[in-house]
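Q: Shown below is the structure under consideration.
The values are calculated or read from the model by the stated rules, or taken from the named source; none is laboratory data. Just so you know, these numbers come straight off a predicted model, no measurement behind them. Positions of Cβ are backbone-derived with ideal geometry, glycine not excepted, and every protein chain shown enters the neighbour counts.
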Amino acid sequence: MRRGFDQPISTLARWIVNRDVVAFEERGELWVPMFQFNPDLQVRPGVRKVIEELRGVFDEWELVDWFARPNSSLCGENPASVVLCNERAVLEAAMVDRFIATG
């Protein structure tokens, strides 16, 4: 991130605090999965939209789990893999799951 940002740590911290990216703690370390970023380390717009869709429904661990598990709306593929090639399909899957979760 140092090549593309004046203050990379501050930028990443802001993304985490604002829940623009999924981050989770495991064994005292903070993990930020790379599927969320374009090659230039900008947050993928589709990931940001999905997180916005699910933000009020799922906590951090549930979001991590949602991205990692197979999703029936995505033909059994996990959203983290599909978002790399079909952001719209992942957003639609998030909309379905939000509807199911909130009734």
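A quick yes/no check of all residues on (1) under 23 Å from Ala101 (Cα atoms); (2) among the small types (Gly, Ala, Ser):
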| residue | (1), (2) |
| --- | --- |
| Ser10 | no, yes |
| Gly28 | no, yes |
| Trp31 | no, no |
| Met34 | no, no |
| Asp40 | no, no |
| Val43 | no, no |
| Arg55 | yes, no |
| Phe58 | yes, no |
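Q: Among the residues in segment 57-64, are any within 26 Å of Pro8 (Cα to Cα) and surrounded by 18 or more Cβ atoms within 10 Å (Cβ to Cβ)? Let's see the steps before the verdict.
A: The first filter runs over segment 57-64 and keeps only residues within 26 Å of Pro8 (Cα to Cα), leaving 59-61, 63-64.
Filter once more, so that each one left must be surrounded by 18 or more Cβ atoms within 10 Å (Cβ to Cβ): 63-64.
Within segment 57-64, one or more residues are within 26 Å of Pro8 (Cα to Cα) and surrounded by 18 or more Cβ atoms within 10 Å (Cβ to Cβ).
Q: Give me the pairs: first residue in segment 1-15 and more than 16 Å from Asp40 (Cβ to Cβ), second residue at pLDDT below 75, beta-carbon distance under 9 Å, and six or more apart or on different chains, which are they?
A: Taking only residues 6 or more apart or on different chains, the pairs are Ile9/Met1.
Q: Of these, Arg69, Arg27, Arg14, which one is more than 10 Å from the chain's Cα centre (by Cα), on the phi > 0 side of the Ramachandran plot and charged (D, E, K, R)?
A: Values: Arg69 fails: on the phi > 0 side of the Ramachandran plot; Arg14 fails: on the phi > 0 side of the Ramachandran plot.
Criteria check complete, one pass: Arg27.
Q: Another question, if that's okay. I'd like the residue in segment 66-95 that is exposed (fewer than 13 other Cβ atoms within 10 Å of the Cβ) and free of Cβ contacts under 8 Å to residues at least 40 places away in the same chain and, out of all such residues, is nearest to Val22 (Cα to Cα).
A: The residue in question is Arg69.
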